[in-house]
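Inspection log for the structure reproduced underneath, given as C-alpha cells.
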Ligand code: LLP
C-alpha cells in the first residue's frame, strides 16, 4: 500500500498532483511520500505487538536526511554500514545509541567515530574486527557492544547479487568460527557481548527461508548458552521484499507472527531487532521522468526519457522490473510498446523493456517503487547531475535534495599547474 494514486486521471503523491511538483523542480526527480514511510514503519512496529523488539531502518536503502528524519521522529533505530551513514543518522536527528553498525570492512576512523558517538552495537564479521574494536575501545576508554553475524547457510531464493546467507557468501561467519569469536569476545577488554546477528538477503518474498534461518540462529543461541554466553538480542536483519510486479511478499504482520511463534515454541523470549530497508522505503518513492522523444528502429520502438541508469541502476544491474505509468492518463492517446531508455551511452541504459504506454514527447512518466536503492545508487556517469529529491507531506511538498548542477560535479577537481 502506498500513497501514489490516480485522481481524475492524474497521478498524485498523497494529495499533491505530481505535475505540480515537476513544474517546481523539473525532471528527472525523485518524489517520496512521508505518509507511506510512516505507514510501513508502524506496520513493522505494530506487527511485533508486545514482543520486545526494535526496528532499525537500513539506511542504505534511502539515506536522504529527510527520510531518516521522518523515521527518527517515530523513534526508529538505524542500521548503518559506514561512517558516512553514521554522520547522516546524526545529522537527521537519529539516536546513535539505537544504531547498529554492520558491514564487512569497518575502518579504523569509522570505529572510532562510532564509539565517540555512543553507537549501540557493532555487528562484527571477523576476528580481526573484534581485535580492532577491542583495541580502539581500550584506547578510548570506551565499551563496545558486539554481536557476531552468523551465516545460517540458507538460500533466500532471491537475485544472486542480493543473496547473502549462503556458505559461499563473503558475509557472516560459520557457527563454528563465530563460537570461537564469542569465546574470545567474552575475554576481550572493551567488549560487551550483546547479541547474535544474521541477514540472509534482500527482496525475499516467502517466509520459509526466514524460518530456516531463525531455527539455525536459535540452535546457535543454545550453543552459546551452554558456554555461559547470554544473548540479549537477536538481530534478524532485513530483506522482506516488496511488490514490483506480481510478487506477493508476506506482510510485516505475517513475518513478525512467524518470528514470535518460533521464539515462543522454542521457549525463548529474546528481544528481536530487525533491519528493514526496502520494505519501508521501496514503494514510498517514485522517479518522475519526461519523455524526450519516440524512436523506431526495424526491430524495436524506443521511448527516450530524461532519466537514465545513473539515476536508477536497478534495471541494468539486477534486470529489475519497475512499473512505469503515465502521470496523466489520456484514453485518447495512441498506445505503443516501447523500450524505455535514457540518455546514457550504454546499451544497459534502460528503465523498462516492452512497456505498453500511451505517450508523446513532453509527457511525464512515473517509475514506481523507486524509493529504495534508487537515488542512493545514483552516480554522475556521463557527467549527469543527480536529480532533485522531494518529500510530500499531505498537501505540501518540499525539496529535500536540490538538483545538482554540472559545475558542482567538477568543483573539487583541479587543473595541472
Ligand atoms: N541489513 C543488512 C546487513 C543488509 O545487508 C541489508 C541490505 C539490509 C539490512 C536491508 O535489506 P532490505 O530490507 O532493504 O532488503 N541494491 C540491492 C539491494 C542490496 C541489499 C543489501 N543489503 C537492490 O537494489 O535490490
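A few notes on this one:
- Here 71, 11 are screened, and the one residue that is at pLDDT 95 or above and either closer than 30 Å to residue 130 by Cβ or under 15 Å from the mean Cα position of the chain (by Cα) (or both) is 71.
- Any chance residue 88 is modelled with pLDDT of 95 or more and assigned to a strand (DSSP E or B): no
- Residues that are in a loop (DSSP other than H, G, I, E, B) and without any contact (Cβ under 8 Å) to a residue 60 or more places away in the chain were ranked within the range 102-119; the one that is nearest to residue 54 (Cα to Cα) is 119.
- Considering the conditions (1) within 10 Å of the ligand (Cβ to nearest atom); (2) part of a loop (DSSP other than H, G, I, E, B), residue 280 is excluded by exactly one of them, (2).
- Cross-chain or 6+ apart pairs with Cβ under 6 Å, the range 49-71 first and within 15 Å of residue 240 (Cβ to Cβ), then part of a helix (DSSP H, G or I): 55/44; 55/45; 57/71; 57/280; 61/278; 61/281
- Residue pairs meeting the criteria (Cβ under 7 Å; at least 6 apart or on separate chains; first touching a residue at least 12 places away in the same chain (Cβ under 8 Å), in the range 296-318; second part of a helix (DSSP H, G or I) and away from the ligand (no atom under 16 Å from the Cβ)): 310/381; 310/382
- For the range 3-19, the set of residues classified as touching a residue at least 40 places away in the same chain (Cβ under 8 Å), at negative phi and surrounded by fewer than 18 Cβ atoms within 10 Å (Cβ to Cβ) consists of 6, 10, 15, 19, listed by residue number.
- Among the candidates 387, 406, the residue that is in contact with a strand residue (DSSP E or B) (Cβ under 8 Å, 6 or more places away or on another chain) and within 17 Å of residue 306 (Cβ to Cβ) is uniquely 387.
- Taken over the range 228-251, residues that are within 10 Å of the ligand (Cβ to nearest atom) and either in contact with a strand residue (DSSP E or B) (Cβ under 8 Å, 6 or more places away or on another chain) or more than 17 Å from residue 202 (Cβ to Cβ) (or both) amount to 7.
- Candidates 133, 191 - the one that is buried (at least 23 other Cβ atoms within 10 Å of the Cβ) and at pLDDT 95 or above: 133
- Checking residue 211 against (1) under 22 Å from residue 55 (Cβ atoms); (2) in contact with a strand residue (DSSP E or B) (Cβ under 9 Å, 6 or more places away or on another chain); (3) away from the ligand (no atom under 14 Å from the Cβ), the condition it does not meet: (2)
- Test: residue in the range 300-320 that is over 22 Å from residue 246 (Cα atoms) and modelled with pLDDT under 95: yes
- Only listed residue being under 25 Å from residue 62 (Cα atoms), within 14 Å of the ligand (Cβ to nearest atom), in contact with a strand residue (DSSP E or B) (Cβ under 6 Å, 6 or more places away or on another chain) and assigned to a loop (DSSP other than H, G, I, E, B), chosen from 287, 312: 312
- Here residue 40 does not qualify as part of a strand (DSSP E or B), modelled with pLDDT of 95 or more, touching a helix residue (DSSP H, G or I) at 6+ places or on another chain (Cβ under 9 Å) and surrounded by 17 or more Cβ atoms within 10 Å (Cβ to Cβ).
- Count of residues meeting criterion [in contact with a strand residue (DSSP E or B) (Cβ under 8 Å, 6 or more places away or on another chain) and more than 16 Å from the ligand (Cβ to nearest atom)] in the range 185-203: 6
- With respect to (1) within 12 Å of the ligand (Cβ to nearest atom); (2) surrounded by fewer than 21 Cβ atoms within 10 Å (Cβ to Cβ); (3) modelled with pLDDT under 95, the lone exception for residue 157 is condition (1).
- Count of the range 229-245 residues, restricted to those that are more than 21 Å from residue 276 (Cβ to Cβ) and in contact (Cβ under 8 Å) with a residue 40 or more places away in the chain, is 1.
- Filtered by the rule that a residue be part of a loop (DSSP other than H, G, I, E, B), away from the ligand (no atom under 12 Å from the Cβ) and either at pLDDT 95 or above or in contact with a helix residue (DSSP H, G or I) (Cβ under 7 Å, 6 or more places away or on another chain) (or both), the range 321-333 gives 323, 327, 329.
The values are calculated or read from the model by the stated rules, or taken from the named source; none is laboratory data. Predicted model, so just to flag it, every value in this text is computed and none were measured. All Cβ positions, even for glycine, are placed from backbone atoms using ideal geometry, and neighbour counts span all protein chains on display.
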